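Okay, so here's the structure we're looking at.
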Amino acid sequence: MTNHTPHCRKCDEQYPTARWALGYKMCMPCAEQETAPVRTIVPMAKSNYILVTDLTLLKGLNKYASQ
């Protein structure tokens, strides 16, 4: 194996060579942050709040959103 010290493409910190050998280009904290799901809480009319994690569901709840 070569003496390559990989650096994260996002934060430029070093990360383990074994991770680089698997094909990853980012450190674990940056990769987790980039792939974190988007969540938002939506109040429903005359009802309660719901947690939405799917963008298509969020668009479906908004009757004024353009199709």
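A few points about this structure:
- Of the candidates K25, K10, K59, K63, the single residue that is touching an Asp or Glu at 6+ places or on another chain (Cβ under 8 Å) and at negative phi is K10.
- Residue under evaluation E34, criteria (1) charged (D, E, K, R); (2) without any contact (Cβ under 8 Å) to a residue 24 or more places away in the chain; (3) touching a Lys or Arg at 6+ places or on another chain (Cβ under 9 Å), criterion not met: (2)
- Top-ranked residue in region 42-65 [being β-branched (V, I, T) and under 17 Å from the mean Cα position of the chain (by Cα); ranked as surrounded by the most Cβ atoms within 10 Å (Cβ to Cβ)]: V52
Throughout, read-outs are computed from the coordinates displayed, never taken from laboratory work. All values reported here derive from a predicted model rather than from experimental measurement. Neighbour counts are summed over all protein chains in view; Cβ atoms, including those assigned to glycine, are modelled from backbone coordinates with ideal geometry.
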